[in-house]
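Everything below concerns the one structure shown next.
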Amino acid sequence: MSSNASTQVVSTGRGARFVIYTILLIFCLYYLLPLYVMVVNSLKPLREIQAGGMMNLPDAWTLEPWKSAWSTAQIGVQATGLKPYFMNSIQMVVPAVAISTVLGALNGYVLTKWQFRGHKIIFGLLLFACFIPFQIVLIPMARILGIMGIAGSVPGLIFVHLVYGIGFSTLYFRNYYAQFPDELVRAAQIDGAGFFTIFRRIMLPSSGPIAVVCVIWQFTNIWNDFLFGASFSDFNSQPMTVALNNLVQSSTGVKEYNVHFAGAIMAALPTLLVYIVAGRYFVRGLMAGSVKG
Amino acid sequence: MASSAARRGSAGDFLRDALPKIVLSPSLAMVLIFVYGFIAFTVYLSFTDSRILPSYDLVGWKNYINLFRLRAWTIAVKNVVIFGGLYITFCCFIGLMLAIFLDQKIRAEGFIRSIYLYPMALSFIVTGTAWKWFLDPGIGLEAVLHSWGWTSFQFNWIKSNQMAIYTIVIAAVWQTSGFVMAMFLAGLRGIDNEVLKAAQIDGASNFSLYRRIVIPQLRPAFMSAIVVLAHMAIKSYDLVIALTGGGPGRATELPATFMYSYTFTRNQMGIGAASAVIMLMSIAAIMVPYLWSELREKQQ
């Protein structure tokens, strides 16, 4: 991370720099293009889109597609708009994130500061569990949710996301607490502090940064999930991603592209907002999620 | 009195020793049951004649033999190889190029970086929806270029049996290449400048500096990127569903979409389970050695 200007070794000539800037800008356009297309077309009346000119700014700006996507668009059998599904997603994501983060913090604390025989095996099991293809658990999970009586419900989805979110949240806290000095914990133990006192007084106060990373990671993963939502929800419990897909794929009637675009932005807004507000932590979460150990 | 106090003390000791294990046990139980137990259950199902509902009658390797005889599965495997290969190659190439360019003391680097990275925050369903319309010849890129006067321009890959799988690559690369860029950029920032200076004094050009010294040192970043991308490629489901729904025909069938349709819509649970087992095996073949080496390095 030595970004010392004076020791920058590779120097580039003027021509080369021009080429570099051009390529970087072209890629900026490439990454922004779909977002631009979505935003612009969500603000147009349908006939403008049908007349072509997807790249053009609207002639007649309108918020109708947004209103329609939110509260009147036909999704499945009812014309409810995306609003109830947005609420489903919120109801699903908040408890799942909160519980998995708390459990992850406690687990990470145990796995680093209260190690016992076999803690490495447990860590290995948790680590591998993060990377299974979820297709391998779909069939038994569908059965178990049925047996537990929470199939096709928001609590069922919370449960599923909780189960498969614990692995990652534990890893985050475990890796973070591993760097935390053992001496502090030992000193507190000698002073007679117990398991939970040490956690509350010593570990928690310095856990802010990793908690943010963990919450962002879990939030984006669970909000963006489609496979579990499509497999384990019914019409009343579908999350936003599944509802958006239904809206877009519905084959009846005229394709209301502008409404679809508005819906897509709605589904993207929460995670986009997180990225804009806490981008630094978002990236840290991605990196920690990819290069583990 | 004294002995009861001692006994109470030892009970307290026992509780104190057991507390961490008690705290960990619900999570451990969940993972053992819902991950490893479920894996065992699905593996078992893959050897049974389950159709709509799980059945417990074993039929040996029949499902696996049938699976590999199915044309849909052959297509899915071929597609995941094409998709995965191109996806990894393009993401690494674009990611490395952008990282090297961004590392040249670029003005507004932070801003450009965040533009490259934002697609990663979006759901594949959103990404698929956006690209679906963008690639649609009726209203998307083709229509736009026609309206700008380039009427001979043709871009209808998404409607074509042969080319549709490449549109999945386009959208997936758009989504992930910025993230790969960030991984390479982190790797570049960790390289020691002294070695580069020495080489430059010896008269190495910028190009050979990168080819001979910088890129070889990015090996760990390459490893991580390839493992993560391969793992994502095998799991890919949402993007295909949103972008093409597996079509046209079966042109964009992947193992993940195959598993879902055979299990839940075609009532061939045994074959679906077998395909899930194959997916798990392929991911394990990539992840286990990687995680193993990562953990061992940490211990040294």
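Criterion first (more than 10 Å from every other protein chain (Cβ to nearest Cβ), assigned to a helix (DSSP H, G or I) and open to solvent by less than 40 Å² (accessible area, probe 1.4 Å)) does B:A99 satisfy it? The answer is yes for B:A99. Of all residues in the stretch B:53-69, those being within 17 Å of B:A276 (Cβ to Cβ) and part of a helix (DSSP H, G or I) number 7. Within the stretch A:80-96, the set of residues being over 20 Å from A:G285 (Cα atoms) and open to solvent by less than 20 Å² (accessible area, probe 1.4 Å) comprises A:G81, A:L82, A:Y85, A:N88, A:S89, A:M92. Yes or no: the stretch A:49-60 includes at least one residue that is crowded, with 16+ Cβ neighbours inside 10 Å, among the β-branched types (V, I, T), under 14 Å from A:H260 (Cα atoms) and more than 29 Å from the chain's Cα centre (by Cα). Yes, there is a match, as at least one residue in the stretch A:49-60 is crowded, with 16+ Cβ neighbours inside 10 Å, among the β-branched types (V, I, T), under 14 Å from A:H260 (Cα atoms) and more than 29 Å from the chain's Cα centre (by Cα). The set of residues in the stretch B:209-247 that are open to solvent by less than 40 Å² (accessible area, probe 1.4 Å) and part of a loop (DSSP other than H, G, I, E, B) comprises B:L218, B:S236, B:Y237, B:T244, B:G246, B:G247. Of the residues making up the stretch B:182-195, those that are in contact with a helix residue (DSSP H, G or I) (Cβ under 8 Å, 6 or more places away or on another chain), at the interface with chain A (Cβ under 8 Å from one of its Cβ atoms) and either of a type in the set (K, R) or crowded, with 19+ Cβ neighbours inside 10 Å (or both) are B:A182, B:M183.
Per-residue answers, yes or no, for (1) under 20 Å from A:I265 (Cβ atoms); (2) at the interface with another protein chain (Cβ under 9 Å from one of its Cβ atoms):
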| position | (1), (2) |
| --- | --- |
| A:K67 | yes, no |
| A:Q74 | yes, no |
| A:I90 | yes, no |
| A:A96 | no, no |
| A:I99 | no, no |
| A:G104 | no, yes |
| A:T112 | no, no |
| A:K120 | no, yes |
| A:L127 | no, yes |
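Name the single residue that is least open to solvent (accessible area, probe 1.4 Å) among those in the stretch A:114-141 being of a type in the set (F, W, Y) and assigned to a helix (DSSP H, G or I). In this case the residue turns out to be A:F123.
Set side by side, the residues A:A243, A:A230, A:A151 differ, and just one is touching a residue at least 60 places away in the same chain (Cβ under 8 Å) and part of a helix (DSSP H, G or I), which is A:A243. Restricting the search to the stretch B:240-253, which residues are over 23 Å from B:A285 (Cβ atoms) and in contact (Cβ under 8 Å) with a residue 60 or more places away in the chain? Once the filter is applied, which keeps residues that are over 23 Å from B:A285 (Cβ atoms) and in contact (Cβ under 8 Å) with a residue 60 or more places away in the chain, the stretch B:240-253 yields B:I241, B:A242, B:L243, B:T244, B:G247, B:P248, B:G249, B:R250, B:A251, B:T252. Checking each residue in the stretch B:281-300 for being closer than 21 Å to B:A72 by Cβ and open to solvent by 50 Å² or more (accessible area, probe 1.4 Å) picks out only B:M281. Evaluation of A:S233 against the conditions (1) open to solvent by 20 Å² or more (accessible area, probe 1.4 Å); (2) more than 26 Å from A:P95 (Cβ to Cβ) shows that the sole unmet condition is (2). For the stretch B:251-270, the set of residues classified as open to solvent by less than 10 Å² (accessible area, probe 1.4 Å), more than 9 Å from every other protein chain (Cβ to nearest Cβ), of a type outside the set (V, I, T) and closer than 30 Å to B:W157 by Cβ consists of B:L254, B:F258, listed by residue number. In a residue-by-residue description of the stretch B:271-280, the property of being at pLDDT 90 or above and open to solvent by 20 Å² or more (accessible area, probe 1.4 Å) applies to at least one position. Put simply, of B:L135, B:L70, B:L117 the only residue that is of a type in the set (A, V, I, L, M), away from chain A (no Cβ under 12 Å) and touching a residue at least 12 places away in the same chain (Cβ under 8 Å) is B:L70.
Residues in the stretch B:165-172 include at least one that is open to solvent by 10 Å² or more (accessible area, probe 1.4 Å) and within 13 Å of chain A (Cβ to nearest Cβ). In the stretch A:25-43, is there at least one residue being more than 20 Å from B:W133 (Cβ to Cβ), more than 8 Å from chain B (Cβ to nearest Cβ), surrounded by fewer than 16 Cβ atoms within 10 Å (Cβ to Cβ) and at pLDDT 90 or above? Yes; the residues of the stretch A:25-43 include at least one that is more than 20 Å from B:W133 (Cβ to Cβ), more than 8 Å from chain B (Cβ to nearest Cβ), surrounded by fewer than 16 Cβ atoms within 10 Å (Cβ to Cβ) and at pLDDT 90 or above.
When A:L106, A:L138 are checked against the criterion of being closer than 26 Å to A:S233 by Cα and touching a helix residue (DSSP H, G or I) at 6+ places or on another chain (Cβ under 6 Å), A:L138 stands alone in meeting it. Of all residues in the stretch B:43-71, those that are open to solvent by 80 Å² or more (accessible area, probe 1.4 Å) and of a type outside the set (V, I, T) total 11. Of the candidates A:I99, A:I144, the single residue that is in a helix (DSSP H, G or I), open to solvent by 10 Å² or more (accessible area, probe 1.4 Å), modelled with pLDDT of 95 or more and over 26 Å from B:L229 (Cα atoms) is A:I99.
Take B:V144 and decide whether it is of a type outside the set (G, A, S), assigned to a helix (DSSP H, G or I), within 29 Å of the chain's Cα centre (by Cα) and surrounded by 15 or more Cβ atoms within 10 Å (Cβ to Cβ). Answer is no for this residue.
Between A:T12, A:T62, A:T22, the distinction of being of a type outside the set (A, V, I, L, M) and within 7 Å of chain B (Cβ to nearest Cβ) belongs to A:T12 only. Among the residues of the stretch B:147-166, which ones are assigned to a loop (DSSP other than H, G, I, E, B), in contact with an Asp or Glu (Cβ under 7 Å, 6 or more places away or on another chain) and within 23 Å of A:H260 (Cβ to Cβ)? Result: B:F155, B:N156.
The values are calculated or read from the model by the stated rules, or taken from the named source; none is laboratory data. Keep in mind the model is a prediction, meaning the values are calculated, not measured. Here the Cβ is made from the backbone with ideal geometry for all residues, glycine too, and neighbour counts use every protein chain on show. Surface accessibility is based on the protein's heavy atoms, side chains included, excluding ligands, DNA and RNA. Shrake-Rupley method; radii C 1.70, N 1.55, O 1.52, S 1.80 Å.
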